[in-house]
1. Looking at segment B:172-273, what helices (runs of 4 or more DSSP H) fall wholly within it and have at least 2 residues that are within 14 Å of chain A (Cβ to nearest Cβ), touching a Ser or Thr at 6+ places or on another chain (Cβ under 7 Å) and surrounded by 22 or more Cβ atoms within 10 Å (Cβ to Cβ)?
2. For segment B:372-383, does any single residue satisfy the condition of being within 30 Å of A:Arg85 (Cβ to Cβ) and among the aliphatic types (A, V, I, L, M)?
3. Identify the single condition in (1) under 21 Å from B:His311 (Cα atoms); (2) touching a helix residue (DSSP H, G or I) at 6+ places or on another chain (Cβ under 7 Å); (3) without any contact (Cβ under 8 Å) to a residue 40 or more places away in the chain that B:Gly235 does not satisfy, given that it satisfies every other one.
4. Conditions: (1) among the small types (Gly, Ala, Ser); (2) out of contact with any strand residue (DSSP E or B) (no Cβ under 8 Å at 6 or more places or on another chain); (3) within 21 Å of B:Ser372 (Cα to Cα). B:Ser319 meets all but one. Number of the miss?
5. Give me the pairs: first residue in segment B:479-492 and over 26 Å from B:Glu509 (Cα atoms), second residue assigned to a helix (DSSP H, G or I), beta-carbon distance under 9 Å, and six or more apart or on different chains, which are they?
6. Return a yes/no flag: does segment B:395-405 have any residue that is more than 30 Å from B:Leu472 (Cα to Cα), within 27 Å of the chain's Cα centre (by Cα) and in contact (Cβ under 8 Å) with a residue 24 or more places away in the chain.
7. Output the residues belonging to segment B:320-355 that are among the basic types (Lys, Arg) and within 11 Å of chain A (Cβ to nearest Cβ).
8. Condition first: without any contact (Cβ under 8 Å) to a residue 40 or more places away in the chain, at the interface with chain B (Cβ under 10 Å from one of its Cβ atoms) and either out of contact with any Gly (no Cβ under 9 Å at 6 or more places or on another chain) or assigned to a helix (DSSP H, G or I) (or both). Can you find one or more residues in segment A:112-122 that meet it?
Amino acid sequence: MTSRLSLPVTMSAMRVDAKVVMLGKESVGKTSLVERYVHHRFLVGPYQNTIGAAFVAKPIQVGEKVITLGIWDTAGSERYEAMSRIYYRGARAAIVCYDLTDSSSFQRARFWVKELQNCEEHCKIYLCGTKSDLIGGDRSLRQIDYHDTQDFADEIGALHFETSSKTGNNVDELFQRVAEDYNSTALQYMTAEETGVDLGQKKDSYFYSCCHNN
Amino acid sequence: MDGEAHKGTVSWEDGTLAPVDHLRSERADSPTPGLVEGTEPGAGQKSAMFVHAQSFEDLTAEAEDEVRREAELDKSGECAEGLKVLVGEKTIEEQHNNDITSESRTKEEDVTGEAWRSHRKHVFVLSEAGKPIYTRYGTEEALSSTTGVMMALVSFVEAEKNIIRSIHADGCKVVFLSKSPLVLVGVSRTCQSDKELLRELQYIYYQIVSLLTLTQLNHIFQHKQNYDLRRLLAGSEYLTDNLLHRLDRDPGLLLSAVTCLPLASSARDMVSSGLQAAKSKNLVFSILLAGDRLVTLVRKKDQFLHHIDLHLVFNLVGSSSSFREGEGWTPICLPKFNTAGFFHAHISYLEPASELCLILVSTDREDFFNMSDCKRRFLERLSKRSAYQALKEALKCPSYSVAQVGIPELRHFLYKSKSSGLYTSPEFPEVYQSDKEQERLMGLYQDLHSSLHHPSRPLRSFYRCSETENLLAWVTSGFELYLCFSPLGTKALAVSAVNKLLKWIRKEEDRLFILSPLTY
């Protein structure tokens, strides 16, 4: 019990400004997206699924300020689903990825959106259609309609991007937008967070950890 | 060939392997390597680093215990029908060497084809409902009728209150390992003993448990007997593939031991104390790897890491490039430690292009940033010391040539110190440069290992001449030694080489082994 109370504190004790979580079905290209944004590269070769999750901190210039995004690239495999909560808890932004050429991956994206709406109401959602280079080459490969997704995004108050990690198209724009949105709302959350954890209030803290752990 | 008798466990080996204290003081003065546990070259000085109650026997004993009360059922006649389904109608003439090269996973393979049948070693994992969970070759979907037959065999024998252990026929062995809720089946054309094959299946079982925990496995199958476990294992097949590949090639898995990066003890001690200093409340193990070699391991007092668990960690890190992307954070069950729960491992490389991988194992899933901080502190401290430079230098030559030993006829060897659970081995010489030759040599070592550890007729030593090489194997209570000589050598020469080699290892033990393992 005691360790549980301290959990939310330790998980956010890193010197990053905004926690960003990547969610989505396996093999939609979450890791490739992060890889492109952080290391400016696209690795060709056999698909390798992420094990657990990978964390990377990336500073980004927003106007005069430098904001550090702490990006959690989670594994899409169902095996880690129970663990996913610790990655999105307290996240300021969630990039929910789906593969533009795979309609089932959009179903999974809807699942994550619902999950976030239920558990992390302050987390801003960015819908991200990946592998846009594929449909650039052959339009018939597209399985997810752009306008349908835009309507869905409007409905849930999310932003909508279509990216290609292979060409780099729209990738920087996506993360830049995440950082800018964070910057413009940072102040109001900061004041809210300072009063967030009070270990004296046992009942409330317990309630908090219950909701967010299970 | 059929009907080899197995009489359960024969306790031919002394069970108490705890280092003997009074012997250790003697060791320091005597240049002659001790043959007794705890005094052999490479033996740890303080407390042992791994759980090593019975190393190899430890692995198979478990399975044998379950079966001890049951008589082995050899149904060579009756089961031949069922067997044909598994291995094909006819014995395919010794094709052993032809298909070694196609080691990579060929999922598209036609499971009804001759090529599929002629693989040297098949491994299948199925649920007790007979559903396929994993196959080494081909796709699981195509194998549901085959796994159905396998499960029928298991159930049929169980109905008579017996347990099926193996079927021998047509130069082929089918070995069964029942680990509820899973059943593992190995089909092999190699000359490995049942016990060796069982040991390999056990590893595969542990690999699956390490991903899910046994508690979760039981829970799933209690609720839904015909659950398709592949859903949860999706994306992990390559870990199992890789482990099977290692089982064929890695002497560490054969010897139940781990090898170290050769490093001056002063540098190693500096690295170890750096890890020791970077501690945290829930941190249980800090492991620094250089490729497949252990640099150092620091553990919580009274907590031991079993070599099997360590090999599973090696396999996880070695199989995946995903930890190069950032700092990895993953749940991992260490089944020899506890099959019920997950540890959480922080896995990262010290530098982007470095071979040095740090694994910090915590009990708390929320501990990521604490572990990340431990790593930062360790790296900060290490980069200020000259030891880091020495470590980087050592990475350039992670192995050594057998020529250093100074025995002209000696081509290669494996030496395992039983009390430390560590082994050392030189790089492969010219004659064994190709993959095929290396696997052949490993196969020879496996044969020797099988003979030494035969369940009913174990041997102390074994000398074998052939056209291509002469081999000598020797096991004492302190060590296990496997030597490969040129075919022109004599037995007398081989025997005299042993002493010389042991003296050399004793001289080099500071560099080749971790003699003083640390705790936080």
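1. Numbers: elements: B:194-212, B:214-223, B:230-233, B:237-249, B:251-255.
Of the helices (runs of 4 or more DSSP H) lying wholly inside segment B:172-273, those with at least 2 residues that are within 14 Å of chain A (Cβ to nearest Cβ), touching a Ser or Thr at 6+ places or on another chain (Cβ under 7 Å) and surrounded by 22 or more Cβ atoms within 10 Å (Cβ to Cβ) span B:194-212.
2. Within segment B:372-383, the first condition is being within 30 Å of A:Arg85 (Cβ to Cβ), and the residues that meet it are B:372-379.
When the remaining residues are screened for being among the aliphatic types (A, V, I, L, M), the result is B:379.
Within segment B:372-383, one or more residues are within 30 Å of A:Arg85 (Cβ to Cβ) and among the aliphatic types (A, V, I, L, M).
3. The single condition B:Gly235 does not satisfy is (2).
4. Failing condition for B:Ser319: (3).
5. B:Gly489/B:Ala497
6. Let us first name the residues in segment B:395-405 that are more than 30 Å from B:Leu472 (Cα to Cα), namely B:395-396.
Now restrict to residues that are within 27 Å of the chain's Cα centre (by Cα): B:395-396.
Filter again for in contact (Cβ under 8 Å) with a residue 24 or more places away in the chain, leaving B:395.
Checking segment B:395-405: at least one residue is more than 30 Å from B:Leu472 (Cα to Cα), within 27 Å of the chain's Cα centre (by Cα) and in contact (Cβ under 8 Å) with a residue 24 or more places away in the chain.
7. Step one: filter segment B:320-355 for residues among the basic types (Lys, Arg), giving B:324, B:336.
Within segment B:320-355, just B:Arg324 meets the criteria.
8. no
The values are calculated or read from the model by the stated rules, or taken from the named source; none is laboratory data. Since this is a predicted model, take the numbers as computed values, not measurements. Every residue, glycine among them, receives a Cβ derived from its backbone with ideal geometry; neighbour counts consider all protein chains shown.
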